[in-house]
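Q: Take a look at the following structure, please.
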Amino acid sequence: RPRHRRRARYLYAAPLVRIRRVLDIGGDAEGGALLSQHGARSVLVLQTAGDGQDRGATLKPGDGVTLRSVSRSDLARGLRLQTGPAEFDVVFLRATPDLFTATFLAELRSVVAKNGHVVVSARSKEATEKNAAPDALGYFDLLDGLTQAGFGPVTMLGQSAFLGSALMPYGASEPPLVFDDTLASPDGAEEYVALCGAVPTG
């Protein structure tokens, strides 16, 4: 489910958000709260329709998260109109062809603070080619677009669904995990994640 995929990306990038200003384009209240729990100084979530958000999630007062509903067409017309003059240390973007233009990427670049990070996710065009998903992007479309827009270095990651479980003997502190990847697409990653900036550690 989209919310689980987003959660995996947030957890991967969690070391980057501590004491940082975060912008989440295409996120939701649940994701904003999770980023706040991982130490983000502030989180602005631009929630867009059609991204599979958990509409039931609510924010608690004082958690440093601002949730703003915006259409993707409004975002494409002007990101600065939605964010104001603020700069952000970490930006999450759910990329689709309408939000992956040279114009939008240039504007996105202008809201990222010096030495900031950008985490871009997109459905894999290669994995969905048979179904011709209109919101998907190709591997090199994503990599080349970010590089040409001045984001970098760019580290490309693949994301696919799988099941995980743990059988815990009583008294064991770190049980081994058992993973089942039979649900993963045989055609490669279902989604791409591009991390612009240094890879997080810890």
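Conditions tested, residue by residue: (1) assigned to a loop (DSSP other than H, G, I, E, B); (2) at pLDDT below 90.
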| site | (1), (2) |
| --- | --- |
| SER110 | no, no |
| ALA113 | no, no |
| VAL118 | no, no |
| SER121 | no, no |
| THR147 | no, no |
| GLY150 | yes, no |
| MET168 | yes, yes |
| PHE179 | no, yes |
| THR182 | yes, yes |
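Q: Here is a follow-up. Restricting to region 87-126, name every residue that is among the basic types (Lys, Arg) and in contact (Cβ under 8 Å) with a residue 12 or more places away in the chain.
A: ARG94, ARG109, ARG123, LYS125
Q: While we're on this one: Please give the number of the condition LEU142 fails out of (1) surrounded by 12 or more Cβ atoms within 10 Å (Cβ to Cβ); (2) modelled with pLDDT under 90; (3) not in a strand (DSSP E or B).
A: Status for LEU142: all satisfied but (2).
The values are calculated or read from the model by the stated rules, or taken from the named source; none is laboratory data. Keep in mind the model is a prediction, meaning the values are calculated, not measured. Backbone-built Cβ (ideal geometry, glycine too); neighbour counts: all protein chains shown.
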